[in-house]
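Shown next, in structure tokens, is the structure this report addresses.
Taken together, the values in this text are just the output of simple stated rules run on the coordinates, not laboratory data. Since the model is a prediction, treat every value here as computed from it, not as a measurement. Because the Cβ atoms are built from the backbone with ideal geometry, glycine has one as well, and the counts that use them run over all protein chains shown.
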Amino acid sequence: MSSTAVMSWASAHSVRLDTEAAAGEVAASIREKLGKGPLDLVLAFYSPSHVGSAQTLASVLRRELEPTCLAGSSAHGVVTMRREIETGPALSVVAARLPGATISPFIISQEVWSEQARDPVSFRTLTPGVEGAELVILLADPMSLDVQGVLEAFHQHHRGMRIVGGMASAGQRPGANALILNDWLSREGGIGIALGGAITIDVAVSQGCRPVGPALEVTRAEGNLVVELDGQSALERTEQILMELGEKDRERLRNGLYVGRPLKVGAAGHGDYLIRNLLGADRNRGALAVGDFLRPKEHIRLHVRDGESAKEDLQMVLSPQAFDRKAEAALLFSCNGRGQGLFGEPDHDILTLQDALGGAVPCAGMFCAGEIGPVGERNFVHGHTASIAIVRSKTEAPAA
């Protein structure tokens, strides 16, 4: 392919129940937009109704689109160029020709990674193409892969590498999901795709929560239990703060209460905290159970969320896109807890993204059982988040 060729993307979707027919419909639409000839990258996201016939889906897409790299994941719901299909059969695909770009896929096996990922030489063997890459796309089965451990390995060996993706969400039991990478199909593990070369990618992570109350010092913690805050019973101190909230913030508590861990010294607002679920309370001990391990002397803040807060946060993290070049494509990984249930209207996240990008940009994605994206200098598995990758061709600096 000529180095002067232009990057080209297209996306399409189908709501047909029959997997072969759905894949054929999507492939025909992609072909119409991109023309004949092999494609470099095809990403597919498909609903639970297609899990049992995922092999057929992959076979049709490989035959009709001839991709150098085909990858896919099952999901509770999928994202298309302008819709979020949360129920019923659905297949969403984004595809591209990427002249000058590098595309390096790899399989992530829990057994292999747990044994070899600590060694830098072995890690490079496990992750071809990651060195110098622009971004890694990561799709994983939450039942069989320690994704946080995978992200820790990347932080150790490729500090600063941005990772965007999500956890398969078609089912909540082992074997309920299906991952595709070329002619490999599995009900467990994960897949990664390192993208580099003549491509540039912006990342936006919208956590959709806002802090309430003062910063609180963790004065005693045991594992994921916070026993004391500010020298008091953690439960008692939290209840004091909740009693002091205004009416609107008390209403937001119906959507849950969350804990924000500071990502930098002087954390105060958006992007300064890593949001974690508050799992429950042990009233006998006055302790709070948090979906993470907090450290003594750490200063946390309570957070609340609702549709209004999530809207404002997403618009804010996407606002810089108005000053950039036209995007070529986008990927959207949204939490199962967002969508119509949170916003009270369909298609909120994708329409907000398209509005920020200035039009109908080819896009695909999925609703996740955990979204993957960077906050600060590290990558995390998030909840209730929208994690977005926005793709543009790399422009050469003008000659001096």
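Quick rundown of the values:
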{"item": "E345 paired with R124, simple spin-label distance in nm, labels 7 Å along Cα-to-beta-carbon", "result": "5.1"}
{"item": "Antiparallel content of DSSP bridges confined to the chain, in %, to 5", "result": "80"}
{"item": "3J(HN,Hα) from dihedral phi, the range 168-184, Karplus parametrisation 6.51/-1.76/1.60, rounded to Hz, x for glycine, proline", "result": "4, 9, 5, x, 10, 10, x, x, 7, 10, 9, 10, 10, 9, 6, 9, 9"}
{"item": "All lysines inside 27 Å of K33 as judged from Cα atoms, apart from same-chain residues fewer than 8 positions distant", "result": "K326, K394"}
{"item": "Fewest-first ranking of V164, V112, V42, V203, using other Cβ atoms within 10 Å as the exposure measure", "result": "V112, V203, V164, V42"}
{"item": "FRET efficiency, 1/(1 + (r/R0)^6) with R0 51 Å, evaluated for N284 and K33 via beta carbons", "result": "0.25"}
{"item": "Dipole magnitude (debye, nearest 20) for the chain, charges at Cβ of Lys, Arg, Asp, Glu", "result": "320"}
{"item": "Enclosed volume per residue, in Å³, of the convex hull spanned by Cα atoms of the range 210-304", "result": "88"}
{"item": "Where a label projected 7 Å from the Cα of E244 along Cα→Cβ would reach, residues of the range 268-308 with amide N under 17 Å", "result": "299-304"}
{"item": "Dipole-positive endmost among L242, G197, N255 within the chain (Cβ charges, Cα centre)", "result": "G197"}
{"item": "Between the range 83-151 and the range 213-258, the alpha-carbon center distance in angstrom", "result": "36"}
{"item": "Top positive-direction residue, dipole computed over the chain with Cβ charges, set A369, S92, M7", "result": "M7"}
{"item": "From phi via Karplus (6.51, -1.76, 1.60), per-residue ³J(HN,Hα) for the range 339-345 in Hz, x at Gly/Pro", "result": "x, 5, x, 8, 8, x, 8"}
{"item": "Computed P(r) (all Cα pairs; the range 302-356; 10 Å bins; percent)", "result": "20, 54, 23, 3"}
{"item": "Debye, to nearest 20: dipole size of the range 95-189, +1 on Lys, Arg Cβ, -1 on Asp, Glu Cβ", "result": "260"}
{"item": "Estimated FRET transfer efficiency (R392, R220; beta-carbon r; R0 51 Å; 0.05)", "result": "0.60"}
{"item": "Karplus 3J(HN,Hα) series, Hz, for the range 380-392 with 6.51 cos²θ - 1.76 cosθ + 1.60 (x for Gly, Pro)", "result": "9, 8, 10, x, 6, 10, 10, 10, 10, 10, 10, 9, 9"}
{"item": "Cβ-based charge dipole, the chain, positive-most Cα from L288, L181, H76", "result": "L181"}
{"item": "Percentage of interatomic Cα-Cα distances in the chain larger than 36 Å", "result": "25"}
{"item": "Rounded if a/c under 1.5, otherwise prolate or oblate - the range 90-180, Cα gyration tensor axes", "result": "oblate"}
{"item": "Unit charges on C-beta of K, R, D, E only; dipole of the range 239-309, Debye", "result": "280"}
